[in-house]
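The values are calculated or read from the model by the stated rules, or taken from the named source; none is laboratory data. Model, not experiment: these values are computed from the prediction. Please note: Cβ atoms are built from the backbone with ideal geometry, for glycine as well, and neighbour counts cover all protein chains shown. Keep in mind that these areas ignore ligands, DNA and RNA; they rest on the heavy atoms of the full protein, side chains included. Shrake-Rupley method; radii C 1.70, N 1.55, O 1.52, S 1.80 Å.
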Amino acid sequence: MSSEEKGYHTPEKEVVAPPAFDVGEAGPQPRDQEDFLTRNGLNFRSFQKRDIGGGSIDSLDRSMKTRHMQMISIGGSIGAGFFVGSGKALANGGPGSLFIDFLIIGIMMFNTVYALGELAVMYPVSGGFYTYSTRFIDPSWGFAMGWNYVMQWAVVLPLELTVCAMTVGYWNEDISVAVWISVFFAAILIINVFGALGYAEEEFWSSVLKLGAIIVFMILAFVLVLGGGPSGSRYDHYIGARHWYEPGAFANGFRGFCSVFVTAAFSFSGTELVGLAAAEAKNPLRSLPGAIKQVFWRITLFYILGLFFVGLLIPHDDSRLLGSANSNPYADVAASPFVLVGKYANLTGYDSFMNVIILVSVLSIGVSAVYGGSRTLTALAQQGYAPKIFSYIDRSGRPLYSVIAILAFAPLAYVNLHADGPTVFDWLLALSGLAALFTWGSICLAHIRFRTAWRKQGRSLDDIPFKAVGGVYGSYLGLFLNFLCLIAQLYVSICPVDGGFNDAEGFFKSYLALPVVIIFWIGGFLWKRTGWLRTDQIDLDTGRRELDWDAINADRAKIAAMPTFKRWFYTMFV
C-alpha cells in the first residue's frame, strides 16, 4: 500500500533518496565483468567512465568484505590523536580528565555509531551522513554537513602527511621534511589507484598492526605498573596509582578538563567511516551490524583502558609532555606518552617500535581522508550540491575526479618548510579539530527525526531490521554530549588553559569550525531555498532497502531462544 493510500502526506519538495538494494545482493556489479587490470585500476581503460546508471551511486565499487568492515570499525580511526595528541591532553588536563573526557566521547560515539548503523542498513548510500541530514533534517543543513565533511578530510590529508614526515625525523633529522612528505604522498597515491579495495586492504592490515601494538602496550603497561620493569628503570618498583595523587589526577582545573574534549574528538574522528564504507560493501546488511558492534571493543579496550594505563605511567607534569603542550600536539612524536613509556622503562628499541606504529597509523588516516572526502564529494555532486564533474565514476569503481580533488590538498603539507608553516598548520588544525562533532551530532539528530517520522507515520519498530541499542534515547544522549563538548570547547576558546582570556586569533584557532559550518548552512539555503523538514514531509520509503523478512525473522527467533547471557552477548557484539 502506498503512503498516499495510508493517508500520509507526500513531501512538498522532492527529497532525493538513495537507491534500494535487495537483501543479499550487492547491486549491479559491472566491475566484475572487466578484466583484471581494469578492475584494479592498472590500465588506461580503467579511467574511462563507467556507463551504468547515469553515474548513480550504484556505479561505485562494492568489493569490501566483512573482514574489512570489522577492522575499519575496530582500528580504522586510531591515529595521531590517540598516540601523540594524548600527550598534550595528559599535560593539560591530567590523567583524571584524560580518562573521563575520553569516556564521555566514547559513550557519545557508541550511541552515534549505532544510530548510523540503523540508518545505513535501511538506506545504504555513499556519503550517508550528508544524505541523512538532507533527508531527515533540512536539505540546507545537509549541504552544510556534506561540505563540512569534505573540508574536514581535505585539511586532514596535509596534516597527516606532515606528521608522517616528522615521525621519520625521530630517527634522522638531517633529511628534509619535504622528501618524506613526497614519499608518503606517493604511497597514498598508489593505494588510491586500487580504489575501495586498496583502502579496505590497507585499513585491514594497518588496523591489525595498530591493535596488536596496543595490546602489547597494555600487557607491558600492566607489568610496569606492578613494578616489573628492568632494574634501574623508572618502573622497577610498584607505582600503582601514585601519579593520580602526586602530582595529581587533574591539572589546570576546569579549564584543563574542558581542553581535553577537542583532543578526544580529534582522536575519534573517522569512527563514522564504517557507515560510509557500507555503500561499497558486498553485503552491507550482514557485514555492517557486526562491524558497528565492534566499536564497543575499540572504545572500551583500546581508548579507555589504553589511556588509563598511560595516566598511571606518565605524570602530567612530565617535562616532555609539557613540551608537547607548548608545540603542535599532533606532530611531536617524541612527546607521545606511548614512546615515553618505553624510554623510561629502558626498553631498547621500544620507542622506535611505537614510532613505526604511529607512522603506519598516521599514513592510514591519510588514506582514510582521501576515501571519506572523495565519497562524500561524489554524493554531493550526485544530489546537485557540487559540480557534476565530481559524480564521475570510472570503470574500476573509483570516483576519479573527487579523489583527485582531495589529493590536490596534499601539497599544503609543504608549507611547513616555510618559517610561517607552523602557523598555517595551526589554522588547518582549527578547521578539522571540531568538524567531526557537527557530523556526529547530525547523525544523532537524523536518527531522532527518522524515528519520530517512523512513529508518526504509523510504522512498527519491528520493521526496522537493525535497531540502535539505546534506541532514540541513545541518540538524544549522543546529541546532548556533542552539544556539551562544543560548549566545553567554546569555554576553552575564550579562557585558554594557560590563564587569562584569548584574543581573536586564539579564539578562532580553537573554534573556527563553527563559523565555517554556519557559512556553509547559509550557502546551502541560498542555493536550494529549502528549510527544516516537517515530519510529514519526510519520505521513509524511497530508496529503502528491500528486505528478506523470512530470513530476518528466523534470525530473531534464533536469538530469542538463546539463554539470557548468550542473547545479550550476541545482541551487543556479534
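Quick look at the values:
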read-out	value
Top-ranked residue of segment 22-81 - restricted to ones that are of a type in the set (Phe, Trp, Tyr) and farther than 30 Å from Val362 by Cα, ranked as modelled with the highest pLDDT	Phe44
Residue under evaluation Ala468, criteria (1) surrounded by 17 or more Cβ atoms within 10 Å (Cβ to Cβ); (2) over 30 Å from Asn553 (Cβ atoms), criterion not met	(2)
Residue match in segment 421-438 (condition: under 26 Å from Ala115 (Cβ atoms), open to solvent by less than 10 Å² (accessible area, probe 1.4 Å) and touching a Ser or Thr at 6+ places or on another chain (Cβ under 7 Å))	yes
Residue identified as open to solvent by 30 Å² or more (accessible area, probe 1.4 Å) and in contact with a helix residue (DSSP H, G or I) (Cβ under 6 Å, 6 or more places away or on another chain) among Arg234, Arg242	Arg234
Whichever residue in segment 471-510 is under 24 Å from Phe250 (Cα atoms) and of a type in the set (Val, Ile, Thr) and, among such residues, is least open to solvent (accessible area, probe 1.4 Å)	Val492
Every residue from segment 219-231 that is in a helix (DSSP H, G or I) and surrounded by fewer than 16 Cβ atoms within 10 Å (Cβ to Cβ)	Ile219, Phe222, Val223
Of residues in segment 264-307 being open to solvent by 10 Å² or more (accessible area, probe 1.4 Å) and among the basic types (Lys, Arg), the one modelled with the highest pLDDT	Lys293
Subset tally (residues that are touching a Phe, Trp or Tyr at 6+ places or on another chain (Cβ under 9 Å) and closer than 25 Å to Tyr132 by Cβ) for segment 543-566	4
Close pairs (7 angstrom Cβ cut-off, 6 or more residues apart or separate chains): closer than 19 Å to Phe82 by Cα and assigned to a helix (DSSP H, G or I) in segment 245-274, open to solvent by 30 Å² or more (accessible area, probe 1.4 Å) and of a type in the set (D, E, K, R) anywhere	Thr263/Lys88
Contacts under 7 angstrom Cβ, first residue in segment 499-521 being farther than 21 Å from Val424 by Cβ and at pLDDT below 90, partner of a type in the set (Val, Ile, Thr) and not in a loop (DSSP other than H, G, I, E, B), 6 or more apart	Phe501/Ile494
Residues of segment 331-365 classified as at pLDDT 90 or above, open to solvent by less than 10 Å² (accessible area, probe 1.4 Å) and assigned to a loop (DSSP other than H, G, I, E, B), total	1
Near pairs, Cβ below 7 angstrom, 6+ apart or cross-chain, from segment 193-220 (closer than 18 Å to Phe308 by Cα) to any residue that is part of a helix (DSSP H, G or I) and of a type in the set (Ser, Thr, Tyr)	Lys210/Ser361
Of all residues making up segment 391-415, the number that are of a type outside the set (Ser, Thr, Tyr) and under 19 Å from Leu42 (Cβ atoms)	10
Condition met for Glu160 (part of a helix (DSSP H, G or I) and charged (D, E, K, R))	yes
Criterion: of a type in the set (Gly, Ala, Ser), open to solvent by less than 10 Å² (accessible area, probe 1.4 Å) and on the phi < 0 side of the Ramachandran plot - qualifying residue of Gly195, Gly146, Gly169	Gly146
Extreme residue, modelled with the highest pLDDT, among residues of segment 198-208 that are open to solvent by less than 50 Å² (accessible area, probe 1.4 Å) and more than 27 Å from Arg50 (Cβ to Cβ)	Ser206
Residue count, segment 482-509 (criterion: of a type outside the set (Gly, Ala, Ser) and in a loop (DSSP other than H, G, I, E, B))	7
Residues located in segment 236-252, provided they are at pLDDT 90 or above and more than 27 Å from Leu226 (Cβ to Cβ)	none
Answer from Tyr123, Tyr130, Tyr114 - the residue that is touching a Gly at 6+ places or on another chain (Cβ under 8 Å), open to solvent by less than 10 Å² (accessible area, probe 1.4 Å) and either over 22 Å from Phe268 (Cβ atoms) or of a type in the set (Asp, Glu) (or both)	Tyr123
